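The values are calculated or read from the model by the stated rules, or taken from the named source; none is laboratory data. From a predicted model like this one, the values you see are computed outputs, not experimental measurements. Positions of Cβ are backbone-derived with ideal geometry, glycine not excepted, and every protein chain shown enters the neighbour counts.
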Amino acid sequence: MDQQPPPQQPQSPREPESDSSLEIILLDSDSNEDSFYDAASTFAMESDEDPLPSQNAASITAADELAERLSNVNFQDHTQYVVQMSSQVLHTPDWSEAAQILHDQPRSQAKATVKRKQRQPRGTKFHVVFLGRSTGVCDQWTTCESWTSGVRYKLHLSYRTRVAAEEAYAYALSKGWPEDTLMKPEKAYQTPLNSGQTDLRWHVVFKGISPGIYPTYVESGLNVLGITGAVNESFKTLQVARDKFQKALNVGQVKALPPPPVA
């Protein structure tokens, strides 16, 4: 008697893994905006396995070290399976339900969408600002807000201990990531735009595409021209410009505005 082939197992959507075809939506509880990340990098740091498995020290990569530091941040995932059928689209949190549909309807397709909301650790938190007006470690959320207020591109994370926060910031410094845009030295502003200009003034964009301090009218103008509600002013010295900008930050008068629509 011919041996019968084993029964075919139902086709199932893959569980979330390092697959760049998956859409990862991070809902940051400290912000009103959603952030989108590639699944391959996101899930690589969120494995249930030890981020630093037993291995020789020489084989530990920079990514392993960063993963260990990011493990101090607590996330909660909510997976939704999106099943595309011929006549409708189904959203379900039930993996087995999505698998059954794929089995019953071979032409259907499925993908996993993971909504991740950052949970606030209980007790004292330490915030690390990697990208903002100022960068560093602080233990007050109001300080973190003042360092990132009005910045179009900002990056910060919260940690449970000061040691973990300082280690994360030290690692970022070793990579050259953080830049203190408010207190950087005057020589850092030197470019061909202002090396020989006759009008030596410091221009502050309080509200515009990218608020900040600029050494030339050209740079400030690019951030305010054609922008409804933009506010900018010029000052004789860099120190006065810094003081004015810091005061505006303290009272919430610095805001990043969207660029004008492309004609």
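Residues in region 235-257 that are loosely packed, with under 15 Cβ neighbours inside 10 Å and modelled with pLDDT under 85: 3 in all. Is there a residue being surrounded by 12 or more Cβ atoms within 10 Å (Cβ to Cβ) and in contact (Cβ under 8 Å) with a residue 60 or more places away in the chain anywhere in region 182-189? Checked against the condition, which is being surrounded by 12 or more Cβ atoms within 10 Å (Cβ to Cβ) and in contact (Cβ under 8 Å) with a residue 60 or more places away in the chain, region 182-189 yields at least one hit. V151 meets each of the listed conditions (1) in a loop (DSSP other than H, G, I, E, B); (2) surrounded by 18 or more Cβ atoms within 10 Å (Cβ to Cβ); (3) without any contact (Cβ under 8 Å) to a residue 40 or more places away in the chain apart from (3).
Table: residues versus (1) of a type outside the set (D, E, K, R); (2) at pLDDT below 80; (3) over 28 Å from N223 (Cα atoms).
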| position | (1), (2), (3) |
| --- | --- |
| C144 | yes, no, no |
| W147 | yes, no, no |
| L155 | yes, no, no |
| Y159 | yes, no, yes |
| R162 | no, no, yes |
| Y169 | yes, no, yes |
| T181 | yes, yes, no |
| K184 | no, yes, no |
| T191 | yes, no, no |
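Entry remark, region 135-147: residues being among the small types (G, A, S) and buried (at least 20 other Cβ atoms within 10 Å of the Cβ) number 1 in total.
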